[in-house]
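Notes for the one structure printed next.
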Amino acid sequence: MSAVSDQLVTFAILAYLIAMISHAVEYALGNVRAVSAAPARELVGADVGAPGGPVDAPAAPVAAETRRSRSAQRARLAGRLAAGITVLAAALHLGALITRGIAAERMPWGNMYEFVLTVTWIGTAAWLAVLVKRPALRRLGLFLTLVMVLLLAFAELKLYVQVVPLMPALQSYWFIVHVSTIVFSSGIFLLGVVPAVAFLIRNGYEQGKRSFPYTLARRLPAAAGLERLTFALHAFAFPVFTFAVIAGAIWAEAAWGRAWGWDPKETWAFISWVVYAGYLHARATPSVKRNVATWIAVLGFLTMLMNLFGVNFFFTGLHSYAGVE
């Protein structure tokens, strides 16, 4: 089962990559600009206006409109194909998690490799749920699939470990309670950073900025919609994340005799909690501009990355369960 899981992860990465390319095709075709053409000049001659004389038809505008229509159809087809392949990638991704869990005879959250696999799948599943409710946001799939390809490839190349039994310190029912809520909220935060970054780029574009990267936002949905989605995702994930931190403290009290010891993982979890709480507070404060609040959300995700990767690679503590050297 372990070998099957590894193969499914590889196929999932390839599927996400194909979906990303399809989204890129949709994005590129959607950027095709109309070619303006001047009306054809009338022929000047002795027989102008005579019955049966040559008269130029305005064919150029019609041809341009036909090209635009064909490009729009191809863009829609590429977008639908990308969405379908993303569903396939998510199914392969889920299969990799299930077979990994069967091989390990436990929930597949025992090390950083498995944690990243689970968080990325949660992010993809949440994205597909958003896409069902709001199909107009489909072009964000380009950025979502890019994130999936990068994270899964990094997990395969740098984080992979063989299946091993769960270490004694993690053999507790709190493992299910604490880690499941952490991976769920982390997956939603992962999805939430996509519209957050897209909003910052699109908002600059709507304000007249035309330098890179703002030019990438020409075909993105309106900034206001992206900002509302960012807030909705973070408002949904934050209470779950808060419960996960509290559950971790309760588990620490039972396992180590103290609820909080400023272990590096605990410290960065607290930092992430404060930053995300700051984002929600800023978002609810009318005097704080939306782009300022959104930058705080992006900062929150960076602290999550630090807690996931930086703490495991650069610090040693009671939460050193990464499984990699």
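The values are calculated or read from the model by the stated rules, or taken from the named source; none is laboratory data. Computed from a predicted model, the values in this text were never measured in an experiment. With ideal geometry, Cβ positions are generated from the backbone for all residues, glycine too; neighbour counts draw on all protein chains shown. These accessible areas exclude ligands, DNA and RNA; they are computed on the full protein's heavy atoms, side chains included. Shrake-Rupley method; radii C 1.70, N 1.55, O 1.52, S 1.80 Å.
General remarks:
- Sole residue being over 24 Å from Ala129 (Cα atoms) and in a helix (DSSP H, G or I), chosen from Ile250, Ile188, Ile182: Ile250
Every residue, every condition in (1) open to solvent by 60 Å² or more (accessible area, probe 1.4 Å); (2) of a type in the set (Gly, Ala, Ser); (3) farther than 22 Å from Glu26 by Cα, yes or no:
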{"residue": "Ile176", "(1), (2), (3)": "yes, no, yes"}
{"residue": "Leu220", "(1), (2), (3)": "no, no, no"}
{"residue": "Ala223", "(1), (2), (3)": "no, yes, no"}
{"residue": "Phe241", "(1), (2), (3)": "no, no, yes"}
{"residue": "Ala247", "(1), (2), (3)": "no, yes, yes"}
{"residue": "Ala254", "(1), (2), (3)": "yes, yes, yes"}
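- Residues of the stretch 195-254 classified as farther than 22 Å from Leu280 by Cα and polar (S, T, N, Q), total: 3
- Number of the condition not met by Ala255 [criteria: (1) in a helix (DSSP H, G or I); (2) modelled with pLDDT of 85 or more]: (2)
- The residues of the stretch 72-98 that are polar (S, T, N, Q) and open to solvent by 20 Å² or more (accessible area, probe 1.4 Å) amount to a single one, Gln73.
- When Ser211 is tested against (1) surrounded by fewer than 21 Cβ atoms within 10 Å (Cβ to Cβ); (2) in a helix (DSSP H, G or I); (3) out of contact with any Lys or Arg (no Cβ under 8 Å at 6 or more places or on another chain), just one condition goes unmet, and that condition is (2).
- Restricting the stretch 99-111 to residues that are under 16 Å from Gly187 (Cβ atoms) and surrounded by 21 or more Cβ atoms within 10 Å (Cβ to Cβ) leaves a set whose member that is modelled with the lowest pLDDT is Trp109.
- In the stretch 46-69, the count of residues that are under 39 Å from the mean Cα position of the chain (by Cα), modelled with pLDDT of 65 or more and under 30 Å from Leu152 (Cα atoms) is zero.
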